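So the structure is just underneath, and the comments pick up after that.
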Amino acid sequence: MTENPLGYEKIPKLLRNFAIPSITAALVGSLYNIVDQIFIGQGVGYLGNAATNICYPFSTICLAISLLVGIGSASRVSLYLGNKKPEAAAKAAGNGIVLMGSLALVYLAVGELLLTQLLQLFGATAEVFPYARQYAGITLAGMPFLIVTNGMSNLIRADGSPRYSMTCMIAGAVVNTILDPIFIFIFDWGIVGAALATILGQIFSFVLAVRYLWHFKTIHFEKSSFQLNIRDSLQTCSMGISGSSNQIAITLVQIVLYNSLTYYGAQTAYGTDIPLAACGIVMKTNAIILSIVVGISQGVQPIIGFNYGAKQYPRVREAYLLAVRWNLIVSAIGFFLFQCFPHFIISLFGDGQELYFEFSVLFMRTYLFMVLVNGVQLLSSSFFTAIGKALKGALLALTRQVFFLIPLILLLPLRFGIMGVLLAGPVADFSAFVLSVVLVSIELRKQKNAAQTAASRSFPLD
């Protein structure tokens, strides 16, 4: 068992070593949906894009489960290692692995049983439903593999092997990207081919992730480590509730958003299907920026958790502020692209009628107008989770989606119609940003005071 480097290496180097693989892994994860969207748009049309958008909540629910257990387990492992308790860290990791596998199977059973009802709840229209039914019926079979892979990735990063975590995700994405055009265009399997390519890539990533069980460096597993303990499971879930609740909130937003777009779209020349297709493109394009933000957040989490557990508060502050700077740079690039080249971005996902491009450009420029500050809220939520304040992290994760965005989606259209749905995004983003800055500033001030108190006790004044 090697010494953990999180307590003594320089923060910028640590963040590069951990965040870059985490960014790559998260980015590759979002590419599963992006690649499908592009090939389906070219091979099936915008109704196929609308169908994959309707199915997207299945992926966010899947991610919510993997974050609940994966981040919760990884946070506990980092804190235990910081407190020099490797046996407890191994128990937390083993319990988490069994828990994520169990929840994955339950999710598959429920999803297949209620597939038709869920697609209708998600907002599938009569024309979109057949495509969505085909796509979701197949991709649900790959969700258990995706849940375990994403959950294991957090544990692998906490073990100090972010590059291996990145490799797992990249390998699956490569398989998916190679098979997509073969299945869609050469075999002429359409949306079914895209779904099959997706789950085969997920299975490949799963095999690589599970292989790491025999290669952990900072913890050593015993057979007794892999026991499903209710108390440990509840502790794990409490630590992972922040990231998970954010994904659950995203799912709720998707359902409200899709149904609002179809309702108010029917009152315009755009109809019901164009807003759904446009929404899918905008959301999944933005997911590329968000995946980088999430990768930075996940990369900095073990650094913050370890140093907080070791009471190295200046290092905690340095790591958080450095991650904020990275996020702002990435978000600024995203803002520039979304505002200046929306038509080019949308055209990558296939052709469509003039109304389709008109609404898609309007959607992208309006809904993503405050993307510049959107990442601060996600990072701040992960920050509180990493220092063991899971409840505050969960509440912060819910601010943008539940406390701001959903009410705005429901209220603003009453005055502005479908334009009110689009305006809800930037208003919610800015409100969540302000709240995040306030809460994190208070916490960092407390840590600074605690560090000064500890220093004065170590070196009392004469």
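The values are calculated or read from the model by the stated rules, or taken from the named source; none is laboratory data. For clarity, every value in this text was computed on a predicted model and none was experimentally measured. Ideal geometry is used to build each Cβ from the backbone, glycine not excepted, and the neighbour counts take in all protein chains shown.
For every residue, the table says whether it meets (1) closer than 30 Å to residue 81 by Cβ; (2) in a helix (DSSP H, G or I).
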site: 125; (1), (2): no, no
site: 131; (1), (2): no, yes
site: 144; (1), (2): yes, yes
site: 149; (1), (2): yes, yes
site: 153; (1), (2): yes, yes
site: 167; (1), (2): yes, yes
site: 170; (1), (2): yes, yes
site: 179; (1), (2): no, yes
site: 183; (1), (2): no, yes
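Can you tell me how many residues in segment 155-165 are crowded, with 24+ Cβ neighbours inside 10 Å and either in a helix (DSSP H, G or I) or at pLDDT 90 or above (or both)?
Number satisfying all stated conditions: 6.
Here's a check for you: in segment 230-243, which residue that is surrounded by fewer than 23 Cβ atoms within 10 Å (Cβ to Cβ) and of a type outside the set (A, V, I, L, M) is modelled with the lowest pLDDT?
238
Give the residue, chosen from 199, 219, 289, 203, that is part of a helix (DSSP H, G or I) and modelled with pLDDT under 90.
Only one candidate qualifies: 289.
With the requirement that a residue be buried (at least 16 other Cβ atoms within 10 Å of the Cβ), without any contact (Cβ under 8 Å) to a residue 60 or more places away in the chain and among the hydrophobic types (A, V, I, L, M, F, W, C), what does segment 184-215 give you?
189, 192, 196, 200, 204, 208
For segment 69-91, which residues satisfy the criterion of being in a helix (DSSP H, G or I) and either hydrophobic (A, V, I, L, M, F, W, C) or surrounded by fewer than 21 Cβ atoms within 10 Å (Cβ to Cβ) (or both)?
Within segment 69-91, 69, 71, 74, 77, 79, 81, 86, 87, 88, 89, 90 qualify.
Since residue 267 meets every condition but one in (1) in contact with a Lys or Arg (Cβ under 9 Å, 6 or more places away or on another chain); (2) surrounded by fewer than 22 Cβ atoms within 10 Å (Cβ to Cβ), which condition does it not meet?
Evaluating residue 267 over (1) in contact with a Lys or Arg (Cβ under 9 Å, 6 or more places away or on another chain); (2) surrounded by fewer than 22 Cβ atoms within 10 Å (Cβ to Cβ) leaves (1) as the failure.
Considering only residues that are touching a Leu at 6+ places or on another chain (Cβ under 8 Å) and of a type in the set (Phe, Trp, Tyr), which ones fall in segment 165-202?
183, 189
Does residue 95 qualify as being over 28 Å from residue 288 (Cα atoms) and either modelled with pLDDT of 85 or more or part of a helix (DSSP H, G or I) (or both)?
So residue 95 fits the description; yes.
Name the residues in segment 92-101 that are closer than 20 Å to residue 241 by Cβ, crowded, with 23+ Cβ neighbours inside 10 Å and more than 20 Å from the chain's Cα centre (by Cα), would you?
Scanning segment 92-101 gives 92, 93, 95.
Go through segment 356-402 and give me each residue that's of a type in the set (Val, Ile, Thr), buried (at least 21 other Cβ atoms within 10 Å of the Cβ) and farther than 22 Å from residue 335 by Cβ.
Within segment 356-402, 385, 387 qualify.
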